Each structure stands twice: as C-alpha cells, then as structure tokens.
Amino acid sequence: MYLEKLKLDGKVAVVTGGGRAIGLACSTALAEAGAMVVIADVDPAVAASGQADLRKLGFVAETIQMDVTNSKQVTEVADKLVAKHGHIDILVNNAGIARSGTAGEEVSDELWLNVNDVNYNGVFWCCRAFGKHMLKARKGAIVNIGSMSGYIVNRPQKQAYYNASKAAVHHLTASLAAEWADRGVRVNAVAPTYIETPMVRSVPGVEAMMKEWLRDTPMNRLGQPHEIASVVHFLASDAASLMTGATVQADGGFTCW
C-alpha cells in the first residue's frame with residue numbers, strides 16, 4: 001500500500017532546469033519512479049546532456065527549450081506539452097540562479113531584477129501556465145525549489161536579493177496551495193541547505209565561506225542533489241496526498257540554530 005503511493009507510472013513530469021545538478025537528480029528520481037520526464041531548460045545543450053544521462057539509465061525523457069523569465073514562452077510550452085501528452089501531472093520548478101556577495105546598498109537594478117526574474121517570477125509564470133491545465137484536469141502536483149535562505153540570513157556572504165526571492169517562493173507556494181487545494185492541485189516546496197553542486201563550488205572564495213557554513217550546520221556537511229530529489233519525489237507522489245502549502249526544510253539542521 002505505502003510503496004505503491006510512491007510510484008509515478010503513467011505520470012508526465014516537467015522539471016525546469018532539469019538537466020544538471022539538483023534538477024537532474026529530480027529528473028532521475030521521478031523517472032526511476034515511473035514518470036515520463038520532460039527537461040525544460042533555457043540551454044538546449046544542458047537539457048540534451050541531462051536527457052542522455054537519463055537514457056543511459058534506461059529512462060524515457062524529452063527535452064524542450066524554455067526560458068522561465070519569458071512568460072509568453074512558458075505559456076506556449078505548457079500548452080504545447082499538454083496538447084502532445086494530454087496531461088501534465090507534475091511540475092518541479094527547479095530553475096534558479098544563486099548570485100551573492102553584493103551588499104544591499106550596492107545592489108543594482110539589473111542584479112535585483114535578474115535574480116528575481118529567474119527565482120521568483122519564473123516560478124510564478126510556470127505555476128500559472130501549468131497550473132491552469134492541472135486545475136482543468138482537477139489533479140496535479142507542483143514542487144517549488146525554495147531555500148533555507150528564505151528563512152534565515154546567510155553569512156558571511158551578502159545576498160539580500162537572493163534571500164528575498166526565495167522567501168517570496170515560499171509564500172507563493174502557500175498562497176497558491178490555499179487557492180487550489182479544493183480543485184485537486186497540490187503546491188509544496190523544498191528549502192535546501194547548501195548543496196554540493198558546480199554552482200556552489202564556483203562561488204568566489206567558497207572554501208573560506210564553507211568553514212562558516214559547516215560551523216552553522218549541525219550535520220557539519222553540505223547536502224547532495226539526490227537528497228533534495230528524494231524530498232521532491234515524495235512531495236510529487238500520492239504519498240504526500242495530504243500535504244499542500246508546506247515548505248520542507250532539507251537543511252542538515254541549519255535552521256535549528
């Protein structure tokens with residue numbers, strides 16, 4: 001009974017930014033559970049790389065180019081995929097950028113808009129476009145990738161713009177969940193700690209900052225992409241049928257202190 005609820009056979013799942021790092025782990029987890037995965041990415045090469053990785057594992061996957069900051073294109077992609085497959089059952093809003101190191105008083109309009117266009121506006125455009133189809137079908141699960149930064153202020157790096165974008169994702173998650181709960185669509189989020197990805201490793205001065213990050217993490221380690229994907233899989237499945245509006249903190253205990 002319980003393992004059956006974790007299966008996603010016959011489901012169609014769209015994962016934004018699903019070709020690498022956390023996104024690829026989410027794509028893999030959903031595919032392993034039986035879903036047909038569509039990797040939506042602004043970079044076709046990244047999407048194709050993720051598709052190749054999934055196919056090596058014997059999983060079915062498609063790719064489609066989509067810029068989450070382009071609301072018109074997002075709507076067109078959602079309509080196209082529903083026309084092709086008949087339904088979209090799962091949406092994972094993973095696409096995001098992490099830019100840090102600029103103090104609040106030095107943040108340019110370009111920096112603020114860039115981070116929020118991807119991390120917040122992009123999540124809403126996708127929820128709106130795919131959510132309309134889910135609401136019409138009266139079923140669907142959306143999982144947004146937030147961040148523990150939506151709850152705390154990171155140190156030592158300065159990144160008010162990033163933190164604000166993720167806090168907005170958390171509240172958007174709860175707000176849409178409340179609106180859509182009685183129409184069959186669940187909306188949840190995951191708030192990860194620092195995850196060991198190329199993006200995190202490329203942050204200037206990361207080795208020095210990591211000492212502080214680990215000091216503030218009870219588990220004293222970075223998270224791994226598969227650990228976030230496992231939570232996403234659960235929230236996307238019927239095992240989480242009573243959950244909506246939740247933001248699950250997968251943070252190694254960081255927010256306990």
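Below, the figures for the structure above:
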| item | result |
| --- | --- |
| Among Val185, Val115, Val153, residue whose mean-square fluctuation peaks in a GNM of the chain (springs only between Cα atoms under 10 Å) | Val153 |
| Distance histogram for the chain (every C-alpha pair counted, 5 angstrom bins, percent rounded to whole numbers) | 1, 6, 14, 18, 21, 17, 12, 7, 3, 1, 0 |
| Residue-wise HN-Hα coupling along segment 170-184, computed from phi with Karplus coefficients 6.51, -1.76, 1.60 (Hz; x: Gly, Pro) | 4, 6, 4, 4, 5, 5, 5, 4, 5, 5, 9, 4, 7, 10, x |
| Residue among Glu32, Glu207, Glu105 with the largest mean-square fluctuation in a Gaussian network model of the chain, springs linking Cα atoms under 10 Å | Glu105 |
| Total lysine pairs under 20 Å (Cα atoms) in the chain, excluding pairs fewer than 8 apart on one chain | 19 |
| Under the Karplus curve 6.51 cos²θ - 1.76 cosθ + 1.60, θ = phi - 60°, whole-Hz ³J(HN,Hα) for segment 210-222, x wherever Gly or Pro sits | 4, 4, 6, 4, 6, 4, 8, 10, x, 6, 6, 7, 7 |
| Sequence-distant residues sharing a close amide H with Gly140 (under 5 Å, placed H) | Arg186 |
| Burial ordering of Ser230, Ser237, fewest other beta-carbon atoms within 10 Å first | Ser230, Ser237 |
| Between segment 150-216 and segment 11-47, the alpha-carbon center distance in angstrom | 20 |
| Segment 199-257, relative contact order in percent, only Cα pairs under 8 angstrom and at least six apart counted | 43 |
| Positive-end residue, the chain charge dipole about Cα centroid, Cβ charges, pick of Ala160, Gly86, Ala21 | Gly86 |
| Other-chain or far-sequence residues with amide H under 5 Å of Gly18's (modelled H) | Ala40 |
| Pairwise label distance in nanometres, Ile152 with Arg183, each label 7 Å out on the Cα-Cβ vector | 3.7 |
| Asp251, Asp216, Asp182 arranged by Cβ crowding within 10 Å, fewest neighbours leading | Asp182, Asp216, Asp251 |
| Fluctuation leader among Ala191, Ala174, Ala31 - the chain, Gaussian network, Cα springs under 10 angstrom | Ala174 |
| Acute angle (nearest 10 degrees) that the helix 71-85 long axis makes with the longest principal axis of the chain, alpha-carbon atoms | 40 |
| In Hz, Karplus ³J(HN,Hα) per residue of segment 132-139 (6.51, -1.76, 1.60; θ = phi - 60°; x = Gly, Pro) | 4, 5, 5, 5, 5, 7, 6, 6 |
| Mean ellipticity per residue at 222 nm, deg cm²/dmol - from DSSP H runs of n ≥ 4 across the chain, formula -39500 (n - 2.57) | -13500 deg cm²/dmol |
| Local net charge near Thr63, Cβ-Cβ under 12 Å (Lys/Arg +1, Asp/Glu -1) | -3 |
| Least to most buried among His170, His85, His233 (fewest other Cβ within 10 Å first) | His85, His170, His233 |
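No lab work stands behind these numbers, since they all come straight from the coordinates. These numbers were taken from a predicted model, which means no experiment stands behind them. A quick note on method: Cβ atoms are made from the backbone with ideal geometry, for glycine too, and the neighbour counts reach across all protein chains shown.
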